[in-house]
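Below: one structure, written as structure tokens.
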Amino acid sequence: MSAALLIEQALNGLQFGVMLFLMAAGLTLIFGVMGLINLAHGSLYMVGAFACAAVATATGSFWLGLVASLVAAALAGAIMEIVVIRRLYRRDHLDQVLATFALILMFSEGTRWLFGSFPLYLDVPEILSGAVALPGGVQYPLYRLAIIVAGIGVAILLFLLIGRTRLGIQIRAGEADREMIAALGVDIKLLYTAVFALGAALAGFAGGLVGTIQSVQVGMGEPVLILAFVVIVIGGIGSIKGAFIGALLVGITDTLGRFLLPVFFGAFMNASDATAVGSALASMLIYILMALVLVVRPGGLYGAGT
Amino acid sequence: MKMIKSTLAAVAMLAATTAAYAEPVKVGMITTLSGGGASLGIDARDGFMLAIKNSGNSDVEVVIEDDQQKPDVAVQLADKMIQSDKVDILTGIIWSNLAMAVVPAAVAQGKFYLSVNAAPSQLAGPGCDAHYFSISYQNDNLHEAAGAYAKEAGYKNMFILAPNYPAGKDSLSGFKRFYDGELAGEIYTQLGQTDYAAEIAQIRASGADGVFFFLPGGMGIAFMKQYAQSGVDTPLIGPAFSFDQNILQAVGDAALGVKNTANWSKDIDNEANKAFVESYQAEYGRLPSVYSSYGYDTANLMLSALDKASVSDADAFQKALEEADFDSVRGKFSFASNHHPIQDIYVREVVKEGDILTNKIVATAMTDRDNAYVGDCKM
């Protein structure tokens, strides 16, 4: 095993983590501020990817597609909040899960009705295609580097937004005490819609960005959604910082686990068994990580409960 | 639940001979029409319905239902079709796990099952049944052909990967049954995995001279796009499932030049195939996929048997099916003793025709291939 391979895998883990962060940030914001479990967050990711693919194909510009993914997901999120989600804040979590699960089905079949059952085409823009040589003899796809940069950029913007702006103060206040902030004259309904649209836009952005190197198809959001939930549980629900650290932890653990565990078992087993045992264990690794974190810190790494 | 009941309109009665056997037959089609796997079921259904429409036979009624790619739903639908719709023949299932849930119970109740796609090894070996026919292949076939091709093309150090589930394991063992070179690596990925950066890095580091991968549906699209971006240029080989007509357009130019094994291609040169491709395009406005061709052949086989025998006479109908007296779009077609096809399997290359990516046959990987389980089937 060479150093170049290890560096490449670490970068892969980082890129996967950054992508998970974009999903988890929206989810944790919505859960933190409104106390709402939104299973349909993965559908917003899908909306972003489809919007990006459709606009990129129609105009020939990936960048317009990316803008479209932000706009379409934010819009879908805002409409979803006003029409359905608003009625769920006072209900218990089971009702929210049921209603947002119904939304998943509607989004999926609606998308299929609009775009058909076949996966859409979406390719990396010319300027970001191919691989670049990094120090240490590592060949790395340029587009994945771009995802890392974009994700970290979004993370910095989010921190500034939450920590330094008026909207950020209102969001944090809403998390702490929603009656009090309403009493202080903040339009809580508008705030909730804005936060929901922001979270949706982040998911849509992730969809557009990642749809480019994955398959743009109905149901693409659900596998990512499960990982995003793992991330926010590890990071502590409601904490952007926790989501960021949790996402990187999950991304790196998953990638390195998939790669190193079969090698590890290969040291004292025959190759075929080592592959089978290693891959089986690798797929459990992030859940084991989650369990360990919860044992040590039941509220998650940066959760309010600890 | 969606339910589409299609009764076929009578097209002019052809000859008195067909009328003589005319007796309404009810076919139950359970297939995947919603969710991520819908494109496969839709193609199989469209191929099946096209064959019935083209035949002008108005005595076949087809009840179509969506299994949502869920075994429990498929089982409920099969019960409903057998008990309340009173179907004589079942067909349509795409996924092997659904087939395992439905087929044994259906044939045990005396129904015929004609498979348009799924053909797990369990149903080819000891679990075979006189009323079960696979028209597509036996699951291992295309992987075996890929192994045979890799060996013949002189690959010595292959890297192989498949998802960690039964069909993935069958795939790699099918490949290894005919490939006897070294393995640079063998990986089982997670089912539904969308990011293959870690695997691609290992392929790059392994020094393999070729890569065999079985990643059906969206998994294959993601893998090939990421592979093209990674700068690794080790040649790829795979079964047709990742190079299906609908998938290719989503992968784009990243798939150009990739070799894949299939038992059908739109450029197989025979009259039946030409007529099929032409009428499919005219009817649906898109090119057929392998699944469309399986659906089409399944319906034609069934119609050929119905011309010879009534489905109510099970033994005679089974004999008529075994004769496989129809014009397959694959050219020659016959059944092995365990009711799975004996057929040629080709190597195709992904090419561009105008703006459309499609496949072209470049070699024959296996001639008159049956399957590895013929001896295990006692019928």
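The values are calculated or read from the model by the stated rules, or taken from the named source; none is laboratory data. Since the model is a prediction, treat every value here as computed from it, not as a measurement. Ideal geometry is used to build each Cβ from the backbone, glycine not excepted, and the neighbour counts take in all protein chains shown. Side chains included, ligands, DNA and RNA excluded: accessible areas come from the protein's heavy atoms. Shrake-Rupley method; radii C 1.70, N 1.55, O 1.52, S 1.80 Å.
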### Message
Tell me whether region B:157-269 comes out rounded, prolate or oblate; compute the Cα gyration tensor, take square roots of the eigenvalues as a ≥ b ≥ c, and use a/c under 1.5 as the rounded threshold.
### Response
rounded
### Query
Among all cysteines in the protein assembly as shown, which have no other cysteine Cβ under 4.7 Å from their own Cβ?
A:CYS52
### If the convex hull is drawn through the Cα atoms of region B:218-265, its volume per residue in Å³
70
### Message
Once you keep just the Cα pairs under 8 angstrom separated by 6 or more residues, what percentage relative contact order results for chain B?
### Response
18
#### Entry: Over region A:235-290, equivalent-ellipsoid semi-axes from the Cα gyration tensor in Å
29, 9, 6
### Message
Once you compute Rg and the Kirkwood Rh from C-alpha atoms, what is the Rg to Rh ratio for region B:249-379?
### Response
1.03
## Note on the structure
In the neighbourhood of A:LEU120 defined by beta carbon distances under 14 Å, the net charge of the other residues (Lys, Arg +1; Asp, Glu -1) is +1
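Taking the Cα centre of region A:180-306 as origin, work out the dipole magnitude from +1 charges on Lys and Arg Cβ and -1 charges on Asp and Glu Cβ, in debye rounded to 20.
Dipole size: approximately 220 debye.
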### Task
Just give the residues from region A:207-241 buried by at least 50 square angstrom of accessible area in the all-chains context relative to the isolated chain, probe 1.4 Å, and say none if nothing qualifies.
A:ILE213, A:GLN214
### Message
At most 10 other C-beta atoms within 10 Å and a DSSP loop state: those are the exposed trypsin sites (Lys or Arg not before Pro) I care about. Give me the longest piece of chain B that has none.
### Response
B:87-377
### Query
Which Cα, out of B:VAL60, B:MET219, B:ASN371, lies furthest along the positive dipole direction of chain B (beta carbon charges, K/R +1, D/E -1)?
B:MET219
### Query
Ratio of region B:106-146's C-alpha Rg to 2.2 N^0.38 Å, to two decimals?
1.20
### Rg ratio (alpha-carbon, reference 2.2 N^0.38 Å) - chain B
0.97
### Accessible area of chain A divided out per residue, in Å², using a probe of 1.4 angstrom
42
### Task
Please give the FRET efficiency for B:ALA363 paired with B:ASN157, using the beta carbon to beta carbon distance and R0 = 22 Å, rounded to the nearest 0.05.
0.55
### Query
What per residue convex hull volume, in Å³, do the alpha-carbon atoms of region A:82-222 yield?
166
### Task
Please list B:HIS340, A:HIS93 in order of solvent-accessible area, largest first, computed with a 1.4 Å probe with all protein chains present.
A:HIS93, B:HIS340
### Query
Using the scaling law 2.2 N^0.38 Å as the reference, what is the normalised Cα Rg of chain A?
1.03
#### Entry: Candidates per trypsin sites (Lys or Arg not before Pro) in region A:24-100, loop by DSSP, up to 11 other Cβ within 10 Å
A:ARG90
### Query
With respect to the cross-link table entries B:LYS26/B:LYS360; B:LYS70/B:LYS360; B:LYS308/B:LYS332, which display a Cα-Cα separation exceeding 26 Å?
B:LYS26/B:LYS360; B:LYS70/B:LYS360
### Volume per residue of the C-alpha convex hull in region A:50-131, rounded to whole Å³
127
### Task
Provide the per residue accessible area, probe 1.4 Å, for chain B, rounded to a whole number of square angstrom.
35
### Query
Which parts of region A:261-290, residue by residue, lose 20 Å² or more of accessible area when the rest of the protein chains are there, as against the chain isolated (1.4 Å probe)?
A:SER272, A:THR275, A:ALA276, A:SER279, A:SER283
## Note on the structure
Per the helix-only model, chain B has a calculated mean residue ellipticity at 222 nm (DSSP H runs of ≥4, -39500 (n - 2.57) each, divided over all residues, rounded to the nearest 500) of -12000 deg cm²/dmol
### Query
Going 7 Å from the Cα of A:SER2 toward and past its Cβ, which residues in region B:166-202 have a backbone nitrogen under 17 Å from where you end up?
B:184-185, B:198-202
### Query
Of all accessible surface on the protein assembly as shown at a 1.4 Å probe, what whole percent is carbon and sulfur?
62
### Task
Work out, step by step, the length gained on full extension between B:LYS332 and B:LYS308: first 0.36 nm times the residue separation, then minus their alpha carbon distance; give nm to one decimal.
6.6 nm
### Task
Taking 7 Å along the Cα-to-C-beta vector as the label spot, tell me the B:LEU191-B:LYS86 distance in nanometres, rounded to one decimal.
3.8
### Task
Could you please tell me the mean projected area of the C-alpha convex hull for the protein assembly as shown, averaged over all directions and given in square nanometres to one decimal?
31.4
### Query
Roughly how much accessible area, to the nearest 100 Å², goes out of reach of solvent when A and B pair up, both sides summed, probe 1.4 Å?
3100
### Message
Can you list the residues in region A:125-155 whose accessible area drops by at least 30 Å² when all protein chains are present, compared with the chain alone? Use a 1.4 Å probe, heavy atoms only.
### Response
A:GLN139, A:PRO141, A:ARG144
